[in-house]
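The values are calculated or read from the model by the stated rules, or taken from the named source; none is laboratory data. Treat the numbers as computed from the prediction; the structure is a model and nothing was measured. So basically every Cβ, Gly included, is an ideal-geometry build from the backbone, and we count neighbours across all protein chains shown. Just so you know, the surface numbers come from the protein's heavy atoms only, side chains and all, with ligands and any DNA or RNA stripped out. Shrake-Rupley method; radii C 1.70, N 1.55, O 1.52, S 1.80 Å.
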Amino acid sequence: YLLLAVPFFVLSGNIMAKAGISDRLIAFIDALLGHLRGGIAMVCVVVACFFGAISGSGAATVAALGVILIPAMIEREKFSDPFAHGVVAAASSIAVIIPPSISFVIYASLTGVSVGDIFVAGILPGIIMGVAMIIVVQIYAHKNHLKPAHPWKGWREVWRTFKSAFWGLLMPVIILGGIYGGITPPTEAGAIAVVYALILAFCYRSINLKSLWKIIVDSAKMSGMVVFLVGVS
C-alpha cells in the first residue's frame, strides 16, 4: 500500500512540470539570484530543491529544469556545456534526499521504518547538498570570470514573480505539513498532491485533457520502471 505513493508523487511532479509551474518557480528564483555571478546555475540548484520537494523524483526534476536552464547557463552566462549539464544532473539528485523522496518511500516500505521519521532525516542533508553545490558554482564562476546573466531587476519584479509562483511554492508545505502533522499518511499525501497539481494546472489553463493523458502515460512508464526494479530486487 505504501508503494502507491510512488506513482502519485511521480504524477504530481510531471503535472507541475508540464503545467508550467516549474517555469514560475524558475522566474521567481531568477529574480532573486539571477543578477549574481553564476546566478542561473544557483537558480538551478535552488529550484531543484523546491521541485524535489514537490515530485520526489530526480528524473522528473531533470525533465522540468534541464530544457530551460541548460541553454540559459550556456548561452547567457557562458558556462561550459559539460558543467551546465553536470549542474542539472547533480542538483536533480537532491530530489533523492529532500522529502518527499520516492527512494525514501521505497526504503521505508522494505524496512518498516517510519516514513515521517526518514523524511525528517533527509531535510538537513538535502540543504547541505544544495549549499555545497552553490559554493562550487560560485568558485567556478569567479575562477572563469563569468558575468551575471542580467542586472538586478528590483524588488517589484521579485514580488511579481513571487505572486505568480506562490501556489507552486505552497505545494511542499501542504504535502510535508500533512505528513509531519499526522494528518495524512504518505500515500494519501501523494494523492492530495496530484489533485492540487491538477487544480493549479487547470486554473492556469496550461494543460487540457489530451495533454493530461500523455502526462498520465509518461508517469505510468516512469512508475512502472521504479516498481519493477523494486519487485525484482
Legend entry - Selection within segment 85-107 - without any contact (Cβ under 8 Å) to a residue 24 or more places away in the chain and under 30 Å from residue 150 (Cβ atoms): 85, 86
Legend entry - Conditions (1) open to solvent by 10 Å² or more (accessible area, probe 1.4 Å); (2) assigned to a helix (DSSP H, G or I); (3) touching a residue at least 12 places away in the same chain (Cβ under 8 Å); number of the one not met by residue 82: (3)
Inset, instruction - Could you run through segment 147-171 and say how many residues are without any contact (Cβ under 8 Å) to a residue 12 or more places away in the chain and crowded, with 16+ Cβ neighbours inside 10 Å? - result: 0
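Table: residues versus (1) assigned to a helix (DSSP H, G or I); (2) at pLDDT below 80; (3) open to solvent by less than 20 Å² (accessible area, probe 1.4 Å); (4) touching a Cys at 6+ places or on another chain (Cβ under 9 Å).
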position: 8; (1), (2), (3), (4): yes, no, no, no
position: 22; (1), (2), (3), (4): yes, yes, yes, no
position: 47; (1), (2), (3), (4): yes, no, yes, no
position: 62; (1), (2), (3), (4): yes, yes, no, no
position: 75; (1), (2), (3), (4): yes, no, no, no
Inset, instruction - Tell me, yes or no, whether segment 19-30 has at least one residue that is free of Cβ contacts under 8 Å to residues at least 40 places away in the same chain and in contact with a helix residue (DSSP H, G or I) (Cβ under 6 Å, 6 or more places away or on another chain). - result: yes
Inset, instruction - Would you please name the residue that is surrounded by the most Cβ atoms within 10 Å (Cβ to Cβ), looking only at residues in segment 178-233 that are over 21 Å from residue 20 (Cβ atoms) and of a type in the set (Phe, Trp, Tyr)? - result: 180
Legend entry - residue 67 being farther than 27 Å from residue 108 by Cβ and either assigned to a helix (DSSP H, G or I) or open to solvent by 10 Å² or more (accessible area, probe 1.4 Å) (or both): yes
Inset, instruction - For residue 56, work out the one condition from (1) at pLDDT 85 or above; (2) open to solvent by less than 10 Å² (accessible area, probe 1.4 Å) it doesn't fulfil. - result: (1)
Legend entry - Restricting segment 111-144 to residues that are among the hydroxyl-bearing types (Ser, Thr, Tyr) and part of a helix (DSSP H, G or I), the residue that is nearest to residue 12 (Cα to Cα): 111
Inset, instruction - Have a look at 108, 95 and point out the one that is assigned to a helix (DSSP H, G or I), open to solvent by less than 50 Å² (accessible area, probe 1.4 Å) and closer than 23 Å to residue 67 by Cβ. - result: 95
Inset, instruction - Taking the residues in segment 111-146 that are open to solvent by less than 40 Å² (accessible area, probe 1.4 Å) and more than 17 Å from the chain's Cα centre (by Cα) as candidates, determine which candidate is modelled with the highest pLDDT. - result: 137
